[in-house]
Amino acid sequence: MSSVAVIGTGTVGSMALWRLAERGIPAVGFDAFAPGHDRGAAGGESRIFRTAYKEGPAYVPLLRAARGLWAELEESSGRRLLTPVGGVTLGPREHPKIRAVLASAHTHDLPVEVLTGEDALRRVPEHPLRDGEVMVVDREAGFIRPEPAVIAAATAAERAGARIARYTPVREVRPDATGVTVVTGDGEHRFTHAVLAPGPWAGTLLPDPMAGLVTTKAITSTWFPRRDDTLFEPDRCPIAIRVGEPAYSCFPSMDGVGVKVNLHVPWQDIASPESLHRSVPVNYLAQVAAAVAGTLPGLRPDPVRIATFCEAFTPDGHGLLGSYGPAGRTILATAFSGHGFKLAPVFGDIVADLVETGSTTRGIDHLAPNRPF
C-alpha cells in the first residue's frame, strides 16, 4: 500500500494531506513550522476566488472542481471559508487582460456581465470607472480566508488519520525506483511517494534542474482606512482586480477598519523566505498611495497596516504539478506564482490521484513539470 510524505503543510500541502487521508492513504506532513504560520504564502487575511480567469481557460474546469471541494471543507470544518460576493475586473476596454477574462468566460459559457458608466457605478460604487474603461462582473467570484482554510485542511487531514510532524524541517529527499527516503533531524523515514509542496522554499527543496527554474519573490499587502463605513462591506462588496495603470487587487474590509490593496508591480526577488524583510520601502508606499488616491475615492490614501509574504514563481507564471523523477515517486506541487490559493483543494485532490493511480483525468498539461520553459 502507498505511504506518502508531504513536505510542507501550507496552502497546497495541507490540502494534499487532507485529500490523501480522505482516501485512506497513510500520509505524514512535515513542516519546519506548523499549519497556518505566517512565513509562507498562505497569509494576508483574504484571497480571491474567481472563475472568469485571465490566466487562461484551462483553469476553469479546475476552478469549478475547487469550488465543490471548498464547500466540502467548509462542511467538514463548520467554518465559512469562501464568501461568494462576486468579483469584478476593470480597466481599459481593449486591455489584453480584459480580453482574456472575456475569452475565458466565452469558452466555458460563464455568466459574466460587462458594465460601463453609471451602470457600473450603481452596482459597485467602490470602484468608479474612468473614461474608456469597462467592468467585467464575475458572479461566481468571492474571497477566501487563507489562514482558517489551511488550518481547516490540516485539521480535517489529522481527523481522517494523517499525521503532521510540526517543527520538523526536512533536510533531504532521496527518491529511487522503489520509494523515497525523507531525511529530518530525527533520522530517515521511508515512504512509497513524496509530495514536494514547499511553497516559497521551492528553490531550496526541489530537485535540480527544477530548483533553478523557480524564483522566490516578496509580495506586499497594504490596508487603507475607509472614508465611509457603508462602503467595502464584506457582505456586499465584490473583490476587484484593476488592470492597466495602476494595476492592483482590492478586497472588502475583513475587520471593519482597513481595505486590503495589493499593488501589481514587479515584485522583488529574494534568496529564500529567511531573507524576507518585513519592512517596506517608502517609495513603494508612495506608489500604492498614489494608486489609491487616483482610483479609490472611498479610501484614505495613507495605509494603516502593511504586511509582506513570499511566494515561488516559475518563468511562465504557471505552477508545477505532476510526477517527477525515478518511477514517478516524487510529485511536485508548488510554485503556483501568486494565483494558486483558490485552486489548492483541487490541486491536493490531483496529488491524491497521482499517488493512487499514477495519473489524473483533470487537465494539468499546462502545469507539467517537464513542459518547456
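Summary of values
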item	result
Selection within segment 99-114 - more than 11 Å from Val137 (Cα to Cα) and assigned to a helix (DSSP H, G or I)	Arg99, Ala100, Ala103, Ser104, His106, Thr107
Of the criteria (1) at pLDDT below 95; (2) of a type outside the set (D, E, K, R); (3) in contact with a strand residue (DSSP E or B) (Cβ under 7 Å, 6 or more places away or on another chain), which one Val351 fails	(1)
Single condition Pro61 does not satisfy, out of (1) in a helix (DSSP H, G or I); (2) crowded, with 16+ Cβ neighbours inside 10 Å; (3) of a type outside the set (Lys, Arg); (4) in contact (Cβ under 8 Å) with a residue 60 or more places away in the chain	(2)
Some residue of segment 293-304 being in the same structural domain as Thr222 (by TED's automatic domain parsing), aliphatic (A, V, I, L, M) and part of a strand (DSSP E or B)	yes
Matching option when the condition is touching a helix residue (DSSP H, G or I) at 6+ places or on another chain (Cβ under 6 Å) and not in a loop (DSSP other than H, G, I, E, B), among Thr216, Thr204, Thr181	Thr216
Qualifying residue in segment 342-360 (condition: free of Cβ contacts under 8 Å to residues at least 24 places away in the same chain, in the same structural domain as Leu20 (by TED's automatic domain parsing) and buried (at least 16 other Cβ atoms within 10 Å of the Cβ))	yes
Any hit, segment 305-323, residues being closer than 25 Å to Arg67 by Cβ, in contact with a Pro (Cβ under 8 Å, 6 or more places away or on another chain) and small (Gly, Ala, Ser)	yes
Hey, Gly212 over 30 Å from Val261 (Cα atoms), free of Cβ contacts under 8 Å to residues at least 24 places away in the same chain and in contact with a Pro (Cβ under 8 Å, 6 or more places away or on another chain) or not	no
Test: Ser76 is surrounded by 24 or more Cβ atoms within 10 Å (Cβ to Cβ), polar (S, T, N, Q) and either outside any strand (DSSP E or B) or touching a Lys or Arg at 6+ places or on another chain (Cβ under 7 Å) (or both)	no
Only one of Ala312, Ala307, Ala290, Ala247 that is at pLDDT 95 or above and out of contact with any helix residue (DSSP H, G or I) (no Cβ under 9 Å at 6 or more places or on another chain)	Ala290
One residue from Ala66, Ala71 being in a helix (DSSP H, G or I), among the hydrophobic types (A, V, I, L, M, F, W, C), at pLDDT 95 or above and surrounded by 17 or more Cβ atoms within 10 Å (Cβ to Cβ)	Ala66
Subset of segment 220-267 [more than 15 Å from Ala291 (Cβ to Cβ) and hydrophobic (A, V, I, L, M, F, W, C)]	Leu231, Phe232, Cys237, Ile239, Met254, Val257, Trp267
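The values are calculated or read from the model by the stated rules, or taken from the named source; none is laboratory data. Just so it is clear, the structure is predicted and the values come from calculations on it, not from any experiment. Cβ coordinates were reconstructed from backbone atoms using ideal geometry, including for glycine residues, and neighbour counts include every protein chain displayed.
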